Amino acid sequence: MRRIGILTAGGDTPALNATIAGAVHEANRLRIEVIGIIKGFSGLLNPEVPHVELNPLFTPIPELDPTHGGTILGASRDYFDANDTQTMDRVADRLRRLKVEGLVCIGGDGTLSGMQALSHHLPAVLAPKTIDNDLGLNYPDEPNEWVRESAPGSPKGYITRKRPGREFGLDEVVNYVTPGYATAVFESSTGVSRIRTTAESHRRVAIVEVMGRDCGMIALGTAYGQPDLILVPESPVDPDPLVERVLAVLEIQKHAVIVAAEGIVDTEGHIFGSVSASKDPAGNLVYSGAAEAIKELLVDKIGDDYFASRRRGETADAAVFVRKVGHTQRGGRPILFDRFYAAQLGGKAVQILAAGYHNCVATLQYRDGGIRLDSVDANRFRDRWGTIHPRPLSPTFYDPQRFKPSPKGVQYLHSIFTNALGVDDVEALRSIFDTGNIVYPYNSVNVHIHKRIMRIDPAG
Ligand code: F6P
C-alpha cells in the first residue's frame, strides 16, 4: 500500500488531531503517503475532493498538533446514502484518481456506516471517536438483544426495544472507551464542581445538563464533579423518588446539584425537553431542554412554600437554576488519556489496512487490568436488521436508588480516569494568561491548511 486517505466525520471531538497524528506516525514508519480529505464525507461528495498531503516526504506537516482540539481536516455531518449507487461509484472513482488504496475514517456510529458503504469499493477501516462513548457494545452478543415489535400507528410500523441485558465482565466490553470521552468528562466534572459553590452559597438547586444523546456515559463520568444526583437516559425519571431524594439532600446541605443527561426520558419513555432532527450521518436526533424540564418538575412538585419558609428564595422558580455545559465539553485541548489512546487507535487503523484487513474497527479492550489495542469486524456492531445502536450505559453501572454510579460503574470509571490527566495538561492551564493571547489575534490552523489544499480536476 503506497497511499491512503484519512477523514474525520461527524461532530468534532478534542482528540481527532491526535488520531490523525497517530495514523501519520505509523504511515511514516511503513512508508505510506497519507492524504487528508477536507471536511469528512462532504469532501468526497465534492467533485474536486479538496485534500492535503499530511506527510510529504514521510514527515508530518507542522499543522498536525495532537494537543490541539478539533480537526485540522475540518468536520461535517454530511453523509451519503449507501444505496445511491451512482454517488458511491462517483466517490470511488474520485478516490481512485487520487491514487488512494485504502481509507481510514475517524468517527462514530454514522461514520461507521459511511465507512462500511465505502468498503465495497476500497479497503476501509474505522478509528473510533465520540465524546458520547456510545460506539461499542457492553458485551459481544449485545446486538442480539434488540427486538422489533409491530406498532401499526408508528412511522416505521414497528418500534425497537432492547431486552434486559445479561451480566458481563469489563473485559467483555467491545470498544471499551472512545477518544474524546475523557476530555468531555473532565470538562463536565470541572463545570459541575464550579457550579457547586454557587449553589452552596446561595442555597439553591443547580441542574446541569450534559451531552451524550441517548447514552448516559458522560453523565455517569460527571460523578467526578461530585453532583448529588445523576440522571441518565437509560433509567427513566420517576418524579416521586427524584423529589424525595432532592428534598433529603436539601434538608441536610441546604442546596443540591443535579446532573441531567440531555436524553433523559420519563417513565413512559418520552424525552424530557424537545427533540429536533439533525443532519447527522446516523440520522441522530438532537435534544435540548432536559434540564429545563427537570426544573419545571421540581418547581411544580416542591413548590414556593418550601423555599420561602426557609428563606431560600421567594419562589421555587428563583431557587432552582439550570446550566448547560454545552460545547465546551466537546472542544479544546484533549487530556492525556484521549491523546494517548487516540494516537494508538490511529496507528492501529493504518496497521490493519496495511496488513490487508478491512471493513473493521480499531478498538480498545480492557484486559488484565489495562487497556489494550484490538480490532473487530464492523458488522459486529449491527443487529440482525443491520442497525447500529448507540451503546447504552449498562444498568449495572448505575444505582437508580442513589442516583449515582454503582460499584461496577465506579470500577469502570476508575479504570479510565485514574491517570487520565497528565502533568502537561495541568501545566497547559497556565497558558491562558499568556500575554500573547491579548496582544495577537488567534492563529487559526484553517489559514495554514487552506494554503495546502489541493483539488482534482472535476472533469477527470
Ligand atoms: O454526538 C456528539 C454530540 O456532542 C452529542 O453529545 C450532542 O447531542 C450532539 O453531538 C450535538 O450536536 P451539534 O454540535 O451538532 O449541536
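All of the numbers you see were taken from the coordinates with simple rules; none came from a lab. Remember, it's a predicted structure, so these values are computed and weren't measured experimentally. Every residue, glycine as well, gets a Cβ built from its backbone with ideal geometry; the counts of neighbours run over all protein chains shown.
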* Asked: Considering only DSSP beta bridges with both partners in the range 181-330, what is the antiparallel share in %, to the nearest 5?
  -> 25 percent
* Before rounding to the nearest 500, sum -39500 (n - 2.57) across all DSSP H runs of length at least 4 in the chain and divide by the residue total; then give [θ] at 222 nm in deg cm²/dmol. => -10000 deg cm²/dmol
* For the range 347-460, the Rg and Dmax computed from alpha carbons only, in angstrom -> 22.2, 63
* Structure fact -> Contact order relative to length for the range 181-330, counting C-alpha pairs under 8 Å separated by 6 or more residues, stands in percent at 29 percent
* Asked: Taking H as built 1.01 Å from N, whose amide H comes closer than 5 Å to the amide H of residue 216, not counting residues under 5 places away?
  -> 234, 393
* Structure fact -> Yeah, the chain with a ≥ b ≥ c from its alpha-carbon gyration tensor (a/c under 1.5 is rounded, else prolate when a/b outruns b/c, oblate otherwise) is prolate
* Structure fact -> Taking Cα pairs closer than 8 Å and at least 6 residues apart, the relative contact order of the range 157-270 in percent is 30 percent
* Förster-model FRET efficiency, 60 Å R0, residue 459 and residue 411, C-beta, rounded to 0.05 -> 0.55
* To do: Determine the percent antiparallel among the DSSP beta bridges restricted to the chain, to the nearest 5.
  => 45 percent
* Put a dot 7 Å past each Cα toward the Cβ at residue 357 and residue 120; how far apart are the dots in nm? -> 2.4 nm
* To do: Treating only the Cβ atoms of Lys and Arg (+1) and Asp and Glu (-1) as charged, compute the dipole magnitude of the chain about its Cα centre; round to the nearest 20 debye.
  => 880 debye
* Exposure proxy order (Cβ contacts within 10 Å, fewest to most) of 305, 317 -> 305, 317
* Structure fact -> Nearest 10, in degrees from 0 to 90: the angle of helix 109-118 to the longest Cα principal axis of the chain is 20 degrees
